[in-house]
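K.L.:
Supplied in structure tokens, the structure appears directly below.
The values are calculated or read from the model by the stated rules, or taken from the named source; none is laboratory data. These figures come from a predicted structure and were not determined experimentally. Cβ sites come from the backbone with ideal geometry, for glycine too, and all protein chains shown count toward neighbours.
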Amino acid sequence: MKMTKRILAIVSILVMVFCMAACGAKKETVVVGYTIYEPMNYTNEDGELVGFDTDLAKAVFEKLGYEVVFKLIDWDQKYTELNSGAIQCIWNGFTANTADDDGVARADKVDFSYNYMGNKQVIVAKADLNAAITDAKSLEGKVGAVENSSAGDTYLTEKLEGSIKKGVASQLDAMKELSLGAVDFAVVDEQLAKAYVGKGDYAAFEISDKLYSDAEYYAIGFKKGSELTANVNEALEALGEDGTIAELAKTYGVSNTAITDFSDQK
């Protein structure tokens, strides 16, 4: 009987030690805020979240020892989500250098990682309107759809003053408004436009080659003072050096705009 009790006691201790070890080995979670935006973050035919940003985020946080969780957000609420702690970073084609929100530069609201991809705002319209576009005046009185609080919103407001803005929740919604004939044109990221224009519901639409924004750069946004910023930068450098970023860029068709060498951003 004493032997049985002793064995049970030893087993109980071992179970406790095992549980403590398992708890200690559990990875810390980091929550990434995103919106649906092909080719950066989107759901494939199997219902899996994929994309250049999705896969790069997984690679970065795996290298840093975090378990990554993706949270779909309302882009207009991105700072609220970040500052409340609901997400730890904004990683979704987040323009770092040209856009502002509510008149405040984004760099004053978040800490940005290295720039990791180039981009620009483009005009998407049907062929007849596109043929008439030569400058901003060409869109005077026309209604344009943009994602609220986006770089496209900034571009339309500041550079296309004669046009009429229709703000929507996402860039994809802006494209849907265009396909439904609810607006005359949409202002979206070049990366997204290339993924949709000329296909399916957007077969009749074109990207203007006469009117577009200055060069933009994507970066990851972190809460001010976050230690993640420097750690993610180190991981980006490592993934640029080992070819991971180049391979992902090839997979998602963004090789011409992805940045793989961060030496000039240190």
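K.L.:
Being more than 15 Å from Y155 (Cβ to Cβ) and not in a helix (DSSP H, G or I) is the filter here, so list the residues in region 184-208 that pass it.
P.N.:
D184, V197, G198, K199, A203, A204, F205, E206
K.L.:
Need the failing condition index for L192 against (1) surrounded by fewer than 20 Cβ atoms within 10 Å (Cβ to Cβ); (2) under 30 Å from E62 (Cα atoms); (3) among the aliphatic types (A, V, I, L, M); (4) not assigned by TED's automatic domain parsing to the domain that holds L56, just the number.
P.N.:
Failing condition for L192: (1).
K.L.:
When residues of region 203-220 are filtered for being within 8 Å of K120 (Cα to Cα) and not hydroxyl-bearing (S, T, Y), how many remain?
P.N.:
3
K.L.:
Here is a follow-up. Exactly one of these conditions fails for Y202: (1) among the aromatic types (F, W, Y); (2) under 29 Å from C89 (Cβ atoms); (3) in contact with a helix residue (DSSP H, G or I) (Cβ under 9 Å, 6 or more places away or on another chain). Give me its number.
P.N.:
For Y202, the failing item is (2).
K.L.:
Among the residues that make up region 230-251, is at least one of them over 22 Å from S149 (Cβ atoms), among the hydroxyl-bearing types (S, T, Y), assigned by TED's automatic domain parsing to the domain that holds N92 and modelled with pLDDT of 95 or more?
P.N.:
Applying the first criterion (over 22 Å from S149 (Cβ atoms)) to region 230-251 yields 230-251.
With the extra rule that they be among the hydroxyl-bearing types (S, T, Y), the set shrinks to 244, 251.
Next, from what is left, pick out any that are assigned by TED's automatic domain parsing to the domain that holds N92: 244, 251.
Now restrict to residues that are modelled with pLDDT of 95 or more: 244, 251.
Scanning region 230-251, I find at least one residue that is over 22 Å from S149 (Cβ atoms), among the hydroxyl-bearing types (S, T, Y), assigned by TED's automatic domain parsing to the domain that holds N92 and modelled with pLDDT of 95 or more, so the answer is yes.
K.L.:
Consider E161 carefully, then state whether it is more than 30 Å from E237 (Cβ to Cβ), outside the structural domain of F52 (by TED's automatic domain parsing) and surrounded by fewer than 24 Cβ atoms within 10 Å (Cβ to Cβ).
P.N.:
Values: more than 30 Å from E237 (Cβ to Cβ): yes; outside the structural domain of F52 (by TED's automatic domain parsing): yes; surrounded by fewer than 24 Cβ atoms within 10 Å (Cβ to Cβ): yes.
The answer is yes for E161.
K.L.:
Sticking with this one: From (1) in contact with a strand residue (DSSP E or B) (Cβ under 8 Å, 6 or more places away or on another chain); (2) surrounded by fewer than 18 Cβ atoms within 10 Å (Cβ to Cβ), pick out the condition that doesn't hold for L180.
P.N.:
So the condition that L180 fails would be (1).
K.L.:
Moving on to the next point. May I ask you to say which residue of K63, K58 is in contact (Cβ under 8 Å) with a residue 60 or more places away in the chain, part of a helix (DSSP H, G or I) and not aliphatic (A, V, I, L, M)? It would help to see each step written out before you state the result.
P.N.:
Numbers: K58 fails: in contact (Cβ under 8 Å) with a residue 60 or more places away in the chain.
Only one candidate passes the filter, namely K63.
K.L.:
Residues being surrounded by fewer than 23 Cβ atoms within 10 Å (Cβ to Cβ) and among the β-branched types (V, I, T): count how many of those fall in region 96-121.
P.N.:
Residues meeting the conditions: 2.
K.L.:
Can you confirm whether region 29-38 contains a residue that is over 11 Å from the mean Cα position of the chain (by Cα) and either hydrophobic (A, V, I, L, M, F, W, C) or buried (at least 21 other Cβ atoms within 10 Å of the Cβ) (or both)? Even if it seems obvious, please write down each step before you answer.
P.N.:
So the first thing to find is which residues in region 29-38 are over 11 Å from the mean Cα position of the chain (by Cα), and the list is 29-31.
Still in the list and also either hydrophobic (A, V, I, L, M, F, W, C) or buried (at least 21 other Cβ atoms within 10 Å of the Cβ) (or both): 30-31.
Among the residues of region 29-38, at least one is over 11 Å from the mean Cα position of the chain (by Cα) and either hydrophobic (A, V, I, L, M, F, W, C) or buried (at least 21 other Cβ atoms within 10 Å of the Cβ) (or both), which makes the answer yes.
K.L.:
Among the residues of region 26-48, which ones are farther than 26 Å from V168 by Cβ and not in a loop (DSSP other than H, G, I, E, B)?
P.N.:
Passing the criteria: E28, T29, V30.
K.L.:
Does at least one position in region 217-229 carry a residue that is part of a helix (DSSP H, G or I) and farther than 22 Å from A99 by Cα? Talk me through it step by step, then tell me what you get.
P.N.:
Let us first name the residues in region 217-229 that are part of a helix (DSSP H, G or I), namely 228-229.
Add one more test, that the residue is farther than 22 Å from A99 by Cα, and what stays is 228.
Yes, because at least one residue in region 217-229 is part of a helix (DSSP H, G or I) and farther than 22 Å from A99 by Cα.
K.L.:
I'd like the full set of residues that are touching a residue at least 12 places away in the same chain (Cβ under 8 Å), out of contact with any Phe, Trp or Tyr (no Cβ under 8 Å at 6 or more places or on another chain) and either of a type in the set (G, A, S) or surrounded by fewer than 16 Cβ atoms within 10 Å (Cβ to Cβ) (or both), limited to region 66-84.
P.N.:
Answer for region 66-84, where residues must be touching a residue at least 12 places away in the same chain (Cβ under 8 Å), out of contact with any Phe, Trp or Tyr (no Cβ under 8 Å at 6 or more places or on another chain) and either of a type in the set (G, A, S) or surrounded by fewer than 16 Cβ atoms within 10 Å (Cβ to Cβ) (or both): V69, D74, N83.
K.L.:
Follow-up question, since we're still on this one. Of the residues in region 218-257, how many are touching a strand residue (DSSP E or B) at 6+ places or on another chain (Cβ under 8 Å), buried (at least 20 other Cβ atoms within 10 Å of the Cβ) and either free of Cβ contacts under 8 Å to residues at least 60 places away in the same chain or aromatic (F, W, Y) (or both)?
P.N.:
Matching residues across region 218-257 total 2.
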